[in-house]
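Asks: One structure, as structure tokens, below. Some questions next.
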Amino acid sequence: MHITYLFDPLCGWCYGATGALEQISQLGGVTIQLSPTGLFAGEGARPMDQSFAAYAWQNDQRIARLTGQPFSETYRQQVLGAVGSTFDSAPSTLAIVAVGLQAPAQEMAALKALQQARYVDGRDNGSMDVVTDILAAAGFSDAADRLRAADQQLLAAYRTRIEAARADMTRFGANGVPALIIGKGDKRRLLPSGTLFGDPQILAAQLEAA
């Protein structure tokens, strides 16, 4: 079964869906295609201020209660507390695309490394320098070099993948991320947004029946 995973690397709910994604990936015959939407990149980026930081932390605590995913105090102080920094998912999205150009099967590992660095280690992966360091430390040195160079192939691939993800969101009426589109061709369909945060056995049954 083919699953398109619509996400943004700075989306707290996408981080919260990590456990469900891991369970899905263990089902027989399942392939997961990461489809970054650029929700918080470009025009979706914004400066970090106290109001937004408070809103984000409140939302993060709700995600933590529902999913068990940790949001550390270090993250709260060093990322949300960095007033004047930029909340921008472009660097992390570019990093995932760079890994995909080298080793497509490792994109999920790269995403997890970036999420761990942000929400647990308190590193601001809205910064290109920080993201490059995270990639290199996670064993993706070739992708890190490509990210530093910002070569034209990487930038073109970035634009293509975001355009494809946004087209899927429009086509299937996805109101946000995370979201799952299952199937291929004209048999593709969008699963309800809450599916990733419900009973994992129900989710597995829905996928196996699709």
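Asks: Tell me whether the range 26-49 contains one or more residues that are touching a residue at least 12 places away in the same chain (Cβ under 8 Å) and charged (D, E, K, R). Write out each step before concluding.
Replies: Taking the range 26-49 and keeping what is touching a residue at least 12 places away in the same chain (Cβ under 8 Å), we get 27, 29-42, 44-49.
So of that shortlist, the ones also charged (D, E, K, R) come out as 46, 49.
Within the range 26-49, one or more residues are touching a residue at least 12 places away in the same chain (Cβ under 8 Å) and charged (D, E, K, R).
Asks: May I ask you to say which residue of Gly139, Gly122, Gly100 is surrounded by fewer than 22 Cβ atoms within 10 Å (Cβ to Cβ), on the phi > 0 side of the Ramachandran plot and touching a helix residue (DSSP H, G or I) at 6+ places or on another chain (Cβ under 7 Å)? Break it down into steps so the answer makes sense when it comes.
Replies: Details: Gly139 fails: touching a helix residue (DSSP H, G or I) at 6+ places or on another chain (Cβ under 7 Å); Gly100 fails: on the phi > 0 side of the Ramachandran plot.
When all the criteria are applied, what remains is Gly122.
Asks: Another question, if that's okay. Give the residues of the range 1-23 that are among the aliphatic types (A, V, I, L, M) and within 16 Å of the chain's Cα centre (by Cα), sorted by residue number.
Replies: The initial filter retains those residues of the range 1-23 that are among the aliphatic types (A, V, I, L, M), namely 1, 3, 6, 10, 17, 20-21.
If the condition is that a residue be among the aliphatic types (A, V, I, L, M) and within 16 Å of the chain's Cα centre (by Cα), then Ile3, Leu6, Leu10, Ala17, Ala20, Leu21 are the ones that fit.
Asks: Among the candidates Ala82, Ala64, single out the residue that is assigned to a helix (DSSP H, G or I), in contact (Cβ under 8 Å) with a residue 12 or more places away in the chain and over 19 Å from Leu191 (Cα atoms).
Replies: Values: Ala82 fails: assigned to a helix (DSSP H, G or I).
Only one candidate passes the filter, namely Ala64.
Asks: Taking the condition in a loop (DSSP other than H, G, I, E, B), among the acidic types (Asp, Glu) and more than 16 Å from the chain's Cα centre (by Cα), does Asp121 pass?
Replies: Working: in a loop (DSSP other than H, G, I, E, B): yes; among the acidic types (Asp, Glu): yes; more than 16 Å from the chain's Cα centre (by Cα): yes.
Considered against the rule, which asks whether it is in a loop (DSSP other than H, G, I, E, B), among the acidic types (Asp, Glu) and more than 16 Å from the chain's Cα centre (by Cα), Asp121 comes out as yes.
Asks: Also, quick follow-up: Got at least one residue in the range 196-206 being among the aliphatic types (A, V, I, L, M), in contact (Cβ under 8 Å) with a residue 12 or more places away in the chain, in a loop (DSSP other than H, G, I, E, B) and touching a strand residue (DSSP E or B) at 6+ places or on another chain (Cβ under 9 Å)? Before you say what the answer is, go through the steps one by one.
Replies: Taking the range 196-206 first, the residues among the aliphatic types (A, V, I, L, M) are 196, 202-205.
Checking the rest, the ones that are also in contact (Cβ under 8 Å) with a residue 12 or more places away in the chain come to 196, 203-204.
From what's left, in a loop (DSSP other than H, G, I, E, B): none.
Checked against the condition, which is being among the aliphatic types (A, V, I, L, M), in contact (Cβ under 8 Å) with a residue 12 or more places away in the chain, in a loop (DSSP other than H, G, I, E, B) and touching a strand residue (DSSP E or B) at 6+ places or on another chain (Cβ under 9 Å), the range 196-206 yields no hits at all.
Bear in mind these aren't lab numbers, they're just calculated from the coordinates by the rules spelled out. Values in this document were obtained by computation on a predicted structure and should not be read as measured data. Cβ: placed from backbone, ideal geometry, glycine included. Neighbour counts: every protein chain shown.
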